[in-house]
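The values are calculated or read from the model by the stated rules, or taken from the named source; none is laboratory data. Since the structure is predicted, the reported quantities are computational estimates derived from the model, not experimental observations. Because the Cβ atoms are built from the backbone with ideal geometry, glycine has one as well, and the counts that use them run over all protein chains shown. Please note that ligands, DNA and RNA were not included when accessible areas were found on the heavy atoms of the full protein model with its side chains. Shrake-Rupley method; radii C 1.70, N 1.55, O 1.52, S 1.80 Å.
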Amino acid sequence: MASQAHFIPVFTTLFLSLNIFSPRLVFANQQLIDKVCDGVANEDREACLKTFSTPQALAANNVNQLVGVAMNEGVTVSQNTFNLVEELIKKPNAPVIRNALKTCEKTYSYVKDEFNLITPELAEDAMSANYDVALINPEIENCANALEAAKFAVPQLVEGNRAADYYANLGYDLTVNM
């Protein structure tokens, strides 16, 4: 019975500590997010704030961790776009469309690997991470240009290109001043 009596004050102290200190931690992390979204050359501050509204972003203690959140989102978008391209390739298409989709398949195979590379690389060499994230946008342009030349517009694919481009730009903006 003595152990149960001891448990109540310990639990109460722990509970109160979490309630007292937790809002301060979230507030500090929100300040980091606000500072990052104010400081990037990214035109859409609201999109930046939305990107960093996830529990993972709110738990970030530094810019590197926020870069990781953005790059993980880039990986997800790139993988989804890659999967879409592979589905579209399986369907009967004109040769010009098939070639455009093959370009996009190659693009997104590369882009998802690049997004995966940035976060671990950032811990060792921020300049290399910045260089590698800068390589993503021209690849996405290759896909977009191939689709445009083929006069093939699939809304989900256009959105995948736009979203991957956004995360690459955000990653570039965050790593350029490190």
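In the range 45-69, what residues are open to solvent by 20 Å² or more (accessible area, probe 1.4 Å), closer than 27 Å to Ser109 by Cα and in contact (Cβ under 8 Å) with a residue 12 or more places away in the chain?
Just the residues of the range 45-69 that are open to solvent by 20 Å² or more (accessible area, probe 1.4 Å), to begin with: 45-47, 49-50, 53-56, 58-59, 61-65.
Applying the additional criterion that residues be closer than 27 Å to Ser109 by Cα yields 47, 50, 54, 56, 63-65.
Scanning the range 45-69 gives Ala47, Thr54, Gln56, Val63, Asn64.
Looking at (1) surrounded by fewer than 16 Cβ atoms within 10 Å (Cβ to Cβ); (2) in a helix (DSSP H, G or I); (3) not hydrophobic (A, V, I, L, M, F, W, C), which one does Thr107 not meet, given that it meets all the others?
The one condition Thr107 does not meet is (1).
Any idea which of Ile118, Ile89, Ile97 is within 27 Å of Cys37 (Cβ to Cβ) and of a type in the set (A, V, I, L, M)?
Numbers: Ile89 fails: within 27 Å of Cys37 (Cβ to Cβ); Ile97 fails: within 27 Å of Cys37 (Cβ to Cβ).
Testing whether each residue is within 27 Å of Cys37 (Cβ to Cβ) and of a type in the set (A, V, I, L, M) leaves just Ile118.
Looking at the range 56-71, is at least one residue within 12 Å of the chain's Cα centre (by Cα), in a loop (DSSP other than H, G, I, E, B), modelled with pLDDT of 90 or more and of a type in the set (Val, Ile, Thr)?
No, the range 56-71 contains no residue that is within 12 Å of the chain's Cα centre (by Cα), in a loop (DSSP other than H, G, I, E, B), modelled with pLDDT of 90 or more and of a type in the set (Val, Ile, Thr).
Out of Leu49, Leu84, I need the residue that is assigned to a helix (DSSP H, G or I) and either hydroxyl-bearing (Ser, Thr, Tyr) or at pLDDT 95 or above (or both). Which one? Please lay out each step first, then the result.
Numbers: Leu49 fails: either hydroxyl-bearing (Ser, Thr, Tyr) or at pLDDT 95 or above (or both).
Being assigned to a helix (DSSP H, G or I) and either hydroxyl-bearing (Ser, Thr, Tyr) or at pLDDT 95 or above (or both) holds for just one of Leu49, Leu84, which is Leu84.
Could you list all residues from the range 125-178 that are free of Cβ contacts under 8 Å to residues at least 12 places away in the same chain and among the hydroxyl-bearing types (Ser, Thr, Tyr)?
Ser128, Tyr131
Please find, within the range 122-143, the residue that is farthest from the chain's Cα centre (by Cα) out of those that are crowded, with 19+ Cβ neighbours inside 10 Å and over 11 Å from Gly74 (Cβ atoms). Quick ask: steps written out before the conclusion?
Of all residues in the range 122-143, those crowded, with 19+ Cβ neighbours inside 10 Å come to 122, 129-130, 132-133, 136, 139-140, 143.
Cutting the leftovers down to over 11 Å from Gly74 (Cβ atoms) gives us 122, 129-130, 132, 139, 143.
Values: Leu122: 14, Ala129: 14, Asn130: 14, Asp132: 14, Glu139: 17, Cys143: 19 Å.
This residue is Cys143.
Scan the range 70-91 for residues that are crowded, with 22+ Cβ neighbours inside 10 Å and either under 20 Å from Tyr172 (Cβ atoms) or among the aromatic types (Phe, Trp, Tyr) (or both) and jot them down.
Ala70, Met71, Glu73, Gly74, Val77, Ser78, Thr81
Give the residue that is surrounded by the most Cβ atoms within 10 Å (Cβ to Cβ), with candidates limited to residues of the range 144-178 that are over 18 Å from Asp113 (Cβ atoms) and acidic (Asp, Glu).
Asp173
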